[in-house]
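Each remark here refers to the structure printed beneath this line.
The values are calculated or read from the model by the stated rules, or taken from the named source; none is laboratory data. All figures in this text were calculated on a predicted structure; none of them were measured in a lab. When we count neighbours, we look across all protein chains shown, and the Cβ atoms used for this are built from the backbone with ideal geometry, even at glycine.
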Amino acid sequence: MRILSGIQPSGQPHLGNYFGMMRPAVELQSRGDCYYFIADYHALTSLGSDSDVKARSLEVAVDFLACGLEPDKTVLFRQSAVPEVHELAWYLSNVAPMGLLERCHSYKDKVARGLSANHGLFAYPVLMTADILLYEADLVPVGKDQVQHLEVARDLAKKFNDTYGETFRIPELALREEAATLPGIDGQKMSKSYGNTIGLFAPENEFKKRVMAIKTDSSPVEAPKAVEGSVLLALARCVAPAGVVVEMEESMLRGGRGYGDYKKQLFGLLWESLTELRAKREALARDPGYVLKVLQEGEKRARETASTVLTKARKAVGIA
Ligand code: ADP
Ligand code: TRP
């Protein structure tokens, strides 16, 4: 089974990205043949002209490897290393109904947030479809925000097959569990756009400061604390053994400990659990040659797969 997913190189990874996307992606390595790529072409739809996309992409590669991606099991590559994806996107554009693309929430949301209503943003789901079909993905694990794009990909694959004859595999969506949505320090979904993140690889003092800044109510030390919707507990659940979480929960319900105490405990749990990842990241950052080699190897393999599929697509549309 081929599993494929992409991540945009749009900022420093936070705990939400790790527990919601990177860790599940790493775990999937045992379930199939994984293709993970850094969606640098897609990132151009939202990054400014002064962003160093190449440097950001290399950082993401380091982050992903530090999180446990194993290059001998997984093909890790930059989307732009296989520019032929645009050729396939063009073929797909010819079977992509305007109405379908106009209904995409992500386009409408981004324009409402002030991004310019240009063709790149509009055609985003077509390029994403090309990513998926070019590498013959069976399973595409994504978060809830990408579900509609996956439906577009399935629609376009079927439409292409109906128009030009059986060419593409129809990809299945693997929706990551909603429970995995991690709250940020203000209680909303942890997201770069809300400025409420805890950086996965932030230095200790900054990491601690963010944990200590988690918003809580003003219950006095002796009072029982609310456990429903507690950000402290949600974060603790990601890393602490069940027994420790239950103990924390019971102690909050009893009262007698202040929030500051719980935050210090949480900081300890989180920081400790990420020790190995940080060490791995430091080692990788000292060896950029290795990271580049992993990418180049991945890019070679990605290109081989892409070239077979593209040949089929060219024949199907009648251009070759
Ligand atoms: P952000 O919201 O910070 O911009 P992205 O949209 O770049 O994050 O998300 C990258 C990946 O991380 C996506 O697969 C997304 O589903 C996942 N992700 C982001 N934030 C969270 C979160 N708070 N909880 C779980 N998963 C998340
Ligand atoms: N649009 C995805 C996101 O923002 C990234 C992405 C690009 C992707 N191409 C893909 C994800 C193909 C899965 C499959 O998260």
Quiz item: What's the number of the condition Val60 fails, among (1) aliphatic (A, V, I, L, M); (2) in contact with a Leu (Cβ under 6 Å, 6 or more places away or on another chain); (3) within 13 Å of ligand 1 (Cβ to nearest atom)?
Solution: (2)
Self-check item: Single unsatisfied condition, Val26 versus (1) touching a Cys at 6+ places or on another chain (Cβ under 6 Å); (2) crowded, with 22+ Cβ neighbours inside 10 Å
Solution: (2)
Practice problem: Looking at (1) in contact (Cβ under 8 Å) with a residue 40 or more places away in the chain; (2) closer than 23 Å to Thr311 by Cα, find the lone condition where Pro141 falls short. | Solution: (2)
Quiz prompt | Test for Gln265: is it polar (S, T, N, Q) and assigned by TED's automatic domain parsing to the domain that holds Leu232 | solution = yes
Exercise. Take Leu65 and decide whether it is under 30 Å from Val231 (Cα atoms) and within 15 Å of ligand 1 (Cβ to nearest atom).
Key: no
Quiz item: Which of (1) at pLDDT below 95; (2) among the hydrophobic types (A, V, I, L, M, F, W, C); (3) part of a loop (DSSP other than H, G, I, E, B) is the odd one out, the single condition Val95 does not satisfy?
Solution: (1)
Practice problem: Take region 202-254 and flag every residue that is more than 27 Å from the chain's Cα centre (by Cα), of a type in the set (Gly, Ala, Ser) and part of a helix (DSSP H, G or I). | Solution: Gly243, Ser251
Quiz item: From Lys300, Lys263, which residue is touching a residue at least 40 places away in the same chain (Cβ under 8 Å) and not aliphatic (A, V, I, L, M)?
Solution: Lys263
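Yes/no per residue for (1) β-branched (Val, Ile, Thr); (2) surrounded by 14 or more Cβ atoms within 10 Å (Cβ to Cβ); (3) in contact with a Leu (Cβ under 8 Å, 6 or more places away or on another chain); (4) at pLDDT 95 or above:
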site: Tyr259; (1), (2), (3), (4): no, yes, yes, yes
site: Lys263; (1), (2), (3), (4): no, yes, yes, yes
site: Trp271; (1), (2), (3), (4): no, yes, no, yes
site: Thr275; (1), (2), (3), (4): yes, no, no, yes
site: Ala283; (1), (2), (3), (4): no, no, no, yes
site: Val291; (1), (2), (3), (4): yes, yes, yes, yes
site: Gly298; (1), (2), (3), (4): no, yes, yes, yes
Practice problem: Taking the options His86, His14, name whichever one is touching a residue at least 24 places away in the same chain (Cβ under 8 Å) and either within 12 Å of ligand 2 (Cβ to nearest atom) or surrounded by fewer than 18 Cβ atoms within 10 Å (Cβ to Cβ) (or both). | Solution: His86
Exercise. Output the residue which, of all residues in region 31-52 that are without any contact (Cβ under 8 Å) to a residue 60 or more places away in the chain and under 23 Å from Leu182 (Cβ atoms), is nearest to ligand 1 (Cβ to nearest atom).
Key: Ala43
Quiz item: Filter region 159-212 for residues that are of a type in the set (Asp, Glu) and more than 30 Å from Ala283 (Cβ to Cβ); which is nearest to ligand 2 (Cβ to nearest atom)?
Solution: Glu172
Quiz item: Any idea how many residues of region 131-146 are modelled with pLDDT of 95 or more and either aromatic (Phe, Trp, Tyr) or near ligand 2 (Cβ under 9 Å from one of its atoms) (or both)?
Solution: 4
Self-check item: One residue from Tyr135, Tyr164, Tyr194 being of a type in the set (Phe, Trp, Tyr), over 16 Å from the mean Cα position of the chain (by Cα) and within 16 Å of ligand 1 (Cβ to nearest atom)
Solution: Tyr194
Quiz prompt | Hits in region 15-39 - residues which are closer than 21 Å to Arg113 by Cβ and modelled with pLDDT of 95 or more | solution = Ala39
Quiz item: Do we have any residue at all in region 55-67 that's at negative phi, surrounded by fewer than 17 Cβ atoms within 10 Å (Cβ to Cβ) and part of a helix (DSSP H, G or I)?
Solution: yes
